[in-house]
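Asks: Take this structure first; my questions come after.
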Amino acid sequence: MPDVADFRSDTVTRPTPAMREAMAGAVVGDDVLGDDPTVKELEREVANLLGKEAALFVPTGSQGNQIAAHLHARPGQEIAVGENAHTYDWEMAGLAAISGLQARTLPAEKGRIDLEAARGALRPAGGHRPACLLLTTENTHNFHGGAVVPLEHLQELREIAIERGAKVHLDGARLWNAAAASGVALADYAATADSVMTCLSKALGAPVGSVLSGDADFIAEAHDVRKMLGGGMRQVGVLAAPGLVAVRDQRERLVEDHERAAKLAEGFLRVADVELPYGLPETNIVFVRAVGRDANALVSALERAGVLTFATGPDTLRFVTHYDVNDHHVDRCLEAFNAACSSN
Ligand SMILES: *Cc1c(COP(=O)(O)O)cnc(C)c1O
């Protein structure tokens with residue numbers, strides 16, 4: 001296989017040798033019947049890390065987010081989300097289709113939902129208006145350039161939600177990156193929400209899976225919704241096992257991804273008429289705007305040089321660093337980007 005520098009997403013990583021070994025040796029049982037010890041171990045470990053009572057292994061982050069929304073709100077109600085939130089923008093309108101929810105998008109900057117807007121949005125039903133008693137936060141914020149949402153900001157949102165009698169769900173697909181970048185404990189972030197979804201298959205490099213955490217009653221109900229959505233899996237310890245390796249061995253390594261993202265960003269800025277719409281990256285995601293150039297043409301030129309990425313707008317591209325991106329890939333990417341911009 002040619003050595004492609006793949007910056008499309010941190011989902012493209014292949015399992016490490018330690019993960020494959022753990023898969024082969026995993027002790028398993030029928031998890032729908034509650035018989036898989038490896039799944040239980042993973043759920044307990046993530047719940048402990050997040051300071052929650054219980055957790056549930058789910059096939060995808062989207063399913064974890066959708067289960068949470070389904071349980072925290074009723075059909076005909078609203079869910080308040082930050083603009084560009086993954087739950088709202090990138091999950092096939094699941095909020096409406098699965099749970100009958102109307103999304104109310106709130107202005108947000110670098111993942112920080114506007115506090116006044118949150119105060120205005122969260123309210124009980126009355127006077128022709130539906131109840132809006134669920135707020136979803138996202139940390140790190142994917143489509144705001146992997147921004148780390150400060151703990152204090154999440155705490156303020158939590159206070160507002162408590163005042164209003166509203167629930168909070170934290171989409172923490174990359175909460176690991178937020179913790180690695182800021183030094184804030186996972187449990188401190190998690191304490192700002194009733195439920196938290198974390199992905200194993202993103203930055204941590206596991207092949208499959210996410211974990212939904214919350215209090216014991218919530219997770220008991222989440223089991224049933226997971227089954228309804230077709231997410232009850234049988235001898236799935238073979239997938240929980242690499243998840244455990246990911247949670248134990250990959251978290252400290254994330255700072256290397258962040259350093260490589262910073263190096264990419266600095267390199268991009270040396271090219272004429274290039275901007276970083278979200279500023280220098282705090283974690284593993286870099287958005288770059290090549291003013292006056294065609295993003296799709298740049299993507300094709302990069303691909304010819306063995307560098308993969310996505311266009312996210314007419315002149316914008318996104319690059320994500322991860323376990324399978326090394327320093328040579330970063331150098332190759334910057335060379336190819338520079339060359340493509342010079343001839344474009
Ligand atoms: C990827 C992602 C998800 C969903 O994860 P899938 O496993 O791809 O369904 C949810 N939230 C955010 C912020 C993400 O980046």
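The values are calculated or read from the model by the stated rules, or taken from the named source; none is laboratory data. The structure displayed is predicted, hence computed values, not measured ones. Every residue, glycine as well, gets a Cβ built from its backbone with ideal geometry; the counts of neighbours run over all protein chains shown. Note: accessible area is taken over every heavy atom of the protein model, side chains too, but ligands, DNA and RNA are not part of it. Shrake-Rupley method; radii C 1.70, N 1.55, O 1.52, S 1.80 Å.
Asks: Quick one: with all protein chains in place, what share of the accessible area of the chain is carbon or sulfur, to the nearest percent (1.4 Å probe)?
Replies: So the carbon and sulfur contribution to the accessible surface is 50 percent.
Asks: Residue separation times 0.36 nm, minus the C-alpha to C-alpha distance between TRP90 and ALA305: what's the value?
Replies: Contour length minus Cα-Cα distance gives 74.5 nm.
Asks: Expressed as a fraction of 2.2 N^0.38 Å, the rule-of-thumb size for a compact globular protein of N residues, what is the C-alpha radius of gyration of the chain?
Replies: My calculation over the Cα atoms of the chain gives 1.00.
Asks: Using a Förster radius of 30 Å, what is the FRET efficiency between ALA185 and ASP30 based on their Cβ-Cβ separation? Nearest 0.05, please.
Replies: 0.30
Asks: How high is the FRET efficiency from ASP331 to GLU109, r the C-beta distance, R0 30 Å, rounded to 0.05?
Replies: Values: r = 33 Å, r/R0 = 1.08.
In this case the efficiency is close to 0.40.
Asks: Let me ask something additional. Rounded to the nearest 0.05, what FRET efficiency do GLN155 and ARG129 have when you use their Cβ-Cβ distance and R0 = 22 Å? Numbers along the way, then the final one.
Replies: On the way: r = 27 Å, r/R0 = 1.25.
Computed FRET efficiency for GLN155 and ARG129: 0.20.
Asks: Let me ask something else about it. Run lengths n ≥ 4 of DSSP H only: what is the helix-derived mean residue ellipticity at 222 nm for the chain, with -39500 (n - 2.57) per run over all residues, to the nearest 500?
Replies: -12500 deg cm²/dmol
Asks: A follow-up question, please. If you take every DSSP beta bridge fully contained in the chain, what fraction is antiparallel? Give it as a percent rounded to 5.
Replies: For the chain, the DSSP antiparallel bridge percentage is about 55.
Asks: Next question. At q = 0.20 Å⁻¹, work out log10 I(q)/I(0) for the range 239-286 with the Debye formula, treating every Cα as an identical point scatterer and leaving solvent out; two decimals please.
Replies: -0.68
Asks: Additional query: Probe radius 1.4 Å, ligands and nucleic acids left out: which of TYR323, TYR189 has the largest accessible area, and how do the rest follow?
Replies: TYR323, TYR189
Asks: Let me ask something else. For MET228, MET92, give me the order by solvent-accessible area with a 1.4 Å probe, most accessible first, ignoring ligands, DNA and RNA.
Replies: MET92, MET228
Asks: Mind listing which GluC sites (Glu not before Pro) in the range 251-344 are in a DSSP loop and have 12 or fewer other Cβ atoms within 10 Å? Spell out each step's value before the answer.
Replies: Working: sites: GLU252, GLU256, GLU259, GLU266, GLU275, GLU282, GLU303, GLU335; in loops: GLU252, GLU282.
Filter output for the range 251-344: GLU252.
Asks: Within the chain, how many Lys pairs sit with Cα atoms under 28 Å apart, leaving out pairs fewer than 8 places apart on the same chain?
Replies: Going through the chain pair by pair, I get 15.
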